[in-house]
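One structure is given here, and the rest of the page talks about it.
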């Protein structure tokens, strides 16, 4: 389990290398959900999502030998871009295994940042472990890593600094790296604040893990929110969610798409489906929001290409 000192150390390490993203409100959308509604705008983070926070913290702690040999990971897109970008800052070779179904824009961006991309129709985890062993590379896990969790948790520290009166924080769950860090930061510094996690109905890995009391591997995932479509949950992530998250709710793809449209229409912001999931949970009444509450929804990224956007909206 990470501690407050780990979060504060990560904040020092990544300071100056990431953007301090803005928190902004929407009066209209707040009225729709009966709250003072604020958005943490991580779509304006470097590489387009929160992922860079954890990757920078993890890269900082690599040994000289590990940096020389290179790093590898697996990702549908956002972690891939963050790893490629961070590795380039240190001059470290990077390789990312991505599903063949990954958005073309995310694949191209990952290559542009300097990573070698391996596309596969097979099992992602088996592929990445095979390549890692063959090339003797260091795995930078997308979520099940304490350094990654601590880096993601800096987002929670920023929320508390900018909105100290926050009553509820809502964030999406893929593998669980973001919510693990954010929930730890919130609960260690302001334990009365509720932390709510959101998953798509087509990728309920954390919900199932909580129900069974152990990390699960889903046989398949099916959701428009590729950033929340991790087929498994990490041990570290489950432990942090069990300790610090108040509730995990499920939403449909249709609800996510409606939330995306409203955010775009009313706030002039392009939130990818994984990001819009947090507002969707409020919009469709999945979260109990007492009148007058201050709620922060984490808009975790904005990496979606034009073709995908047109097909959804």
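The values are calculated or read from the model by the stated rules, or taken from the named source; none is laboratory data. Keep in mind that what you see is a predicted model, and the values were worked out from it rather than measured. All Cβ positions, even for glycine, are placed from backbone atoms using ideal geometry, and neighbour counts span all protein chains on display.
Of the residues making up region 109-128, those that are in contact with a strand residue (DSSP E or B) (Cβ under 8 Å, 6 or more places away or on another chain) and assigned to a helix (DSSP H, G or I) are 110, 111, 124, 125, 127, 128. All conditions in (1) touching a residue at least 24 places away in the same chain (Cβ under 8 Å); (2) more than 24 Å from residue 19 (Cβ to Cβ) hold for residue 177, with the sole exception of (2). Can you name the residue in region 164-192 that is in a loop (DSSP other than H, G, I, E, B) and touching a strand residue (DSSP E or B) at 6+ places or on another chain (Cβ under 6 Å) and is also surrounded by the most Cβ atoms within 10 Å (Cβ to Cβ) among such residues? Selected residue: 173.
Residues in region 85-108 that are surrounded by fewer than 22 Cβ atoms within 10 Å (Cβ to Cβ) and in a helix (DSSP H, G or I): 88, 89, 90, 104, 105, 107, 108. So for region 60-72 (the condition being assigned to a strand (DSSP E or B), in contact with a helix residue (DSSP H, G or I) (Cβ under 8 Å, 6 or more places away or on another chain), touching a residue at least 12 places away in the same chain (Cβ under 8 Å) and outside the structural domain of residue 168 (by TED's automatic domain parsing)), does at least one residue qualify? Yes, because at least one residue in region 60-72 is assigned to a strand (DSSP E or B), in contact with a helix residue (DSSP H, G or I) (Cβ under 8 Å, 6 or more places away or on another chain), touching a residue at least 12 places away in the same chain (Cβ under 8 Å) and outside the structural domain of residue 168 (by TED's automatic domain parsing). Within region 233-292, restricting attention to residues that are free of Cβ contacts under 8 Å to residues at least 60 places away in the same chain and under 14 Å from residue 39 (Cα atoms), which residue is farthest from the chain's Cα centre (by Cα)? So, considering only residues that are free of Cβ contacts under 8 Å to residues at least 60 places away in the same chain and under 14 Å from residue 39 (Cα atoms), the one farthest from the chain's Cα centre (by Cα) is 268. Of everything in region 193-248 that is out of contact with any strand residue (DSSP E or B) (no Cβ under 9 Å at 6 or more places or on another chain) and in a loop (DSSP other than H, G, I, E, B), the residue that is surrounded by the most Cβ atoms within 10 Å (Cβ to Cβ) is 230.
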